[in-house]
Structures are given as C-alpha cells and as structure tokens.
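Novice: Once you've had a glance at the structure underneath, I'll fire off some questions.
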Amino acid sequence: EGKEYAVYFTGKGEVGLKVLPGKYEISWLNILSSEWSSAETIELPVDLKTPSDEQWVVFIKRVD
C-alpha cells in the first residue's frame with residue numbers, strides 16, 4: 001500500500017484513486033493487443049481515464 005497499484009478496466013472507464021499525494025509513474029497495458037504505453041509521471045490523486053474503449057490495466061508506482 002502506498003507504493004504500487006494496478007487497476008483493471010473491462011472497457012472505457014474512469015477511476016479516482018485515494019492515494020497519498022505525490023508523483024507517480026503510470027503505464028497503460030492494452031489487454032487485447034498486449035501493447036504498453038510509454039510511462040509518464042503524474043501527480044496523484046487525480047481521476048485516471050482509459051485511453052480508449054478497449055480493456056486496459058494501468059500500473060501505478062510512486063516515484064517520490
């Protein structure tokens with residue numbers, strides 16, 4: 001808790017995570033194509049929205 005998270009989306013969606021405020025690195029995995037997005041650093045908490053209507057997993061890792 002507080003360091004790494006993974007969230008699975010069965011389709012287009014949005015989630016607000018209740019995490020400690022700070023910088024996190026996120027990467028999206030498209031389940032159907034098995035392709036990863038480029039990692040990006042964001043400030044959480046913020047609502048995360050899927051990149052498209054497909055199935056996704058977002059991996060979140062605290063970096064500060």
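Novice: Got a number for residues in region 8-54 being more than 11 Å from the chain's Cα centre (by Cα) and either in a loop (DSSP other than H, G, I, E, B) or in contact (Cβ under 8 Å) with a residue 40 or more places away in the chain (or both)?
Specialist: Result for region 8-54: 19.
Novice: Let me ask something else about it. Mind listing just one residue for me: the one in region 55-64 that is assigned to a strand (DSSP E or B) and charged (D, E, K, R) and, of those, most open to solvent (accessible area, probe 1.4 Å)?
Specialist: For region 55-64, the residue satisfying everything is K61.
Novice: Now for a different question. Across region 1-52, what is the number of residues that are basic (K, R) and touching a strand residue (DSSP E or B) at 6+ places or on another chain (Cβ under 7 Å)?
Specialist: 3
Novice: Now for a separate question. Can you pull out every residue in region 8-24 that is under 11 Å from E43 (Cβ atoms) and open to solvent by 50 Å² or more (accessible area, probe 1.4 Å)?
Specialist: The answer is P21, K23.
Novice: From the residues in region 27-54 that are open to solvent by 80 Å² or more (accessible area, probe 1.4 Å) and small (G, A, S), which one is farthest from Y8 (Cα to Cα)?
Specialist: Top of the filtered list is S38.
Novice: Can I ask one more? Counting just the residues of region 1-27 that are within 17 Å of S38 (Cα to Cα) and of a type in the set (G, A, S), which one comes out modelled with the lowest pLDDT?
Specialist: By that ranking, first place goes to A6.
The values are calculated or read from the model by the stated rules, or taken from the named source; none is laboratory data. Since we're looking at a predicted model, the values are computed, not measured. Neighbour counts run over all protein chains shown; Cβ positions are idealised from the backbone, glycine included. In case anyone asks, the SASA skips ligands and DNA or RNA and just uses the protein heavy atoms, side chains included. Shrake-Rupley method; radii C 1.70, N 1.55, O 1.52, S 1.80 Å.
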